[in-house]
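A short write-up of the structure that comes next.
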Amino acid sequence: MIINMNEQATKEQIQHVIDRVKEAGYQAHITQGEERTIVAAVGSGGRRHELEALAAAAGVAGVVAISDPFKLVSRQAKPQRTVVNVGGVRIGDGSLVVIAGPCSVESREQLLSTAREVKDAGAHLLRGGAYKPRTSPYEFQGLGVEALRLLREVREEFGLPVVTEVMSTEDVDVICEHVDMLQVGARNMQNFALLRRLAVIDKPVLLKRGPSASVKEWLLAAEYLLAGGNRNVVLCERGIKTFETETRNTLDLASAALAREMSHLPVIVDPSHGTGRRSLIAPLSRAAAALGADGLLVEVHPCPERALSDGPQSLDFDGFRHLMKSLAEPMRSPVLVPQHA
């Protein structure tokens with residue numbers, strides 16, 4: 001349920017509503033808007049009739065049921081868009097934030113050169129995998145803590161906030177010591193133990209959509225994070241599995257746009273995993289920017305053919321510079337074809 005407070009509601013009246021929500025057996029999540037305060041009553045097994053009765057409480061403008069199964073992620077709970085601050089970079093404020101870097105941290109030289117190049121080209125954050133979930137147990141699994149130290153060193157040298165993937169609840173604390181944002185990979189989107197752990201950390205979370213997940217399941221995964229207390233969540237569309245075999249995944253831009261419509265959380269797009277083809281990264285990046293995506297997640301490597309993971313979907317430095325230049329150019333107007341009777 002959503003309890004909308006009047007614009008003139010006092011702190012005492014708002015606190016009274018919060019207390020009554022808790023007494024009824026629900027969690028109270030407060031959103032302070034520019035004009036009014038919203039109290040979201042979330043949970044199950046509470047006394048719904050007591051929430052409905054709050055319509056008569058002083059300072060209450062109205063009580064509305066949340067129709068979406070994801071309560072706190074819904075635009076009903078928070079009409080204004082959320083802006084997530086990652087090391088001083090604001091995601092969701094209307095600008096296009098570009099997160100770039102290698103799939104895996106392979107060496108100090110590789111990471112330093114990549115950070116230097118992507119920053120010079122205009123990237124806002126650096127990505128790099130320390131722990132890598134791989135389909136085969138024989139493939140490169142990442143450098144672990146050594147990679148985390150390198151990411152921290154690069155952040156301090158270049159001033160780029162860093163993002164890396166977390167795979168296990170056991171690694172959360174050590175990763176938090178070194179990076180600015182933790183990424184939940186597609187394979188872990190419904191790792192509920194991990195989501196509950198990340199819900200109580202003081203770091204932003206980048207939540208990737210699972211390869212077979214519906215938009216509803218994706219947003220419900222985000223609900224775990226918000227319900228646990230972490231509101232600094234960014235959604236990432238990275239492609240889904242379909243019958244298509246020419247691309248690694250099918251980048252679902254319609255669902256990215258839908259997620260922005262249904263949720264107040266920022267939504268970014270990963271055209272690298274979404275296609276698996278470096279030739280498609282630039283056009284799909286521009287398409288994501290055109291639909292209003294809040295950012296891009298792009299894989300960049302000094303020498304993609306030598307990459308220990310995901311070389312075919314990584315841009316080299318020249319390719320990334322061309323991408324950033326194309327994003328800065330105005331979108332071309334559509335060609336209108338004359339209609340003949």
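Laboratory data are not the source of any read-out in this text; all were calculated from the coordinates shown. Just so it is clear, the model here is predicted, and its values are computed rather than measured. Neighbour counts are summed over all protein chains in view; Cβ atoms, including those assigned to glycine, are modelled from backbone coordinates with ideal geometry.
How large is the translational diffusion coefficient of region 218-341 in µm² per second when you combine the Kirkwood radius over alpha carbon pairs with Stokes-Einstein at 37 °C and 0.692 mPa s?
Answer from the Stokes-Einstein relation: 204 µm²/s.
Given +1 on the Cβ of Lys and Arg, -1 on the Cβ of Asp and Glu, and no further charges, what dipole in debye does region 63-109 carry about its Cα centre, rounded to the nearest 20?
Using Cβ point charges on Lys, Arg, Asp and Glu, region 63-109 gives about 300 debye.
Tell me what the chain gives for mean residue ellipticity at 222 nm when only DSSP H runs of n ≥ 4 count, each as -39,500 (n - 2.57), the sum divided by the residue total, rounded to 500 deg cm²/dmol. Let's see the in-between values first.
Details: 11 runs with 108 residues, N = 341.
After summing the helix terms and dividing by residue count, I get -9000 deg cm²/dmol.
In nanometres, what is the gap between the two model label sites at Asp318 and Ala57, each 7 Å from Cα along Cα-to-Cβ?
6.5 nm
Based on alpha-carbon positions alone, could you give the equivalent ellipsoid semi-axes of region 243-299 from the gyration tensor, as √(5λ), descending, whole Å?
Semi-axes from the Cα gyration tensor: 20, 12, 9 Å.
Determine the percent antiparallel among the DSSP beta bridges restricted to the chain, to the nearest 5.
The antiparallel proportion sits near 40 percent.
Based on the Cβ-Cβ distance from Lys216 to Ala328, what FRET efficiency comes out when R0 is 45 Å, to the nearest 0.05?
0.80
Of Leu54, Gly274, Asn188, which is farthest on the positive side of the dipole of the chain, counting Cα position, with +1 on Lys and Arg Cβ, -1 on Asp and Glu Cβ, and the Cα centre as origin?
The listed residue farthest towards the positive side: Leu54.
Return a whole-number percent for the relative contact order of the chain, with Cα pairs under 8 Å and 6 or more residues apart as the contact set. Don't skip to the answer; put the middle values down first.
On the way: 701 pairs, mean separation 51.4, N = 341.
Once divided by the residue count of the chain, the mean separation gives 15 percent.
Around Pro102, under 9 Å between beta carbons, what's the net of Lys plus Arg minus Asp minus Glu among the other residues? Numbers along the way, then the final one.
Details: positive: Arg127; negative: Glu106, Glu299, Asp310.
After counting each charged neighbour, the total is -2.
Run the paramagnetic zone check for Glu157: 7 angstrom along Cα to Cβ, then residues of region 95-120 with backbone nitrogen under 15 Å.
Output list for this probe position: 102, 105-120.
Size of the dipole of region 120-224 about the Cα centre, Lys and Arg at +1 and Asp and Glu at -1 on the beta carbon, nothing else charged, in debye to 20?
480 debye
Can you tell which of Ala147, Ala256, Ala24 shows the greatest fluctuation in a Gaussian network model of the chain with Cα springs below 10 Å?
Ala24
Set the bar at 31 Å for Cα to Cα. Now go through Lys119/Lys203; Lys71/Lys203; Lys71/Lys119; Lys132/Lys216; Lys71/Lys208 and name every pair that lies beyond it.
Lys71/Lys119
What is the dipole size for the chain, taken about its Cα centre, with +1 at each Lys and Arg Cβ and -1 at each Asp and Glu Cβ, in debye to the nearest 20?
On the way: 39 positive and 41 negative charges, 99 e Å.
Dipole magnitude for the chain comes out near 480 debye.
Project the alpha carbons of region 2-64 onto their principal axes and report the range along each, largest first, in whole Å.
Reported extents, whole Å, longest axis first: 32, 20, 20.
Based on the inverse mean of 1/r over its pairs of different Cα atoms, what is the Kirkwood hydrodynamic radius of the chain, in Å?
For the chain, inverting the mean 1/r across all distinct Cα pairs yields 21.2 Å.
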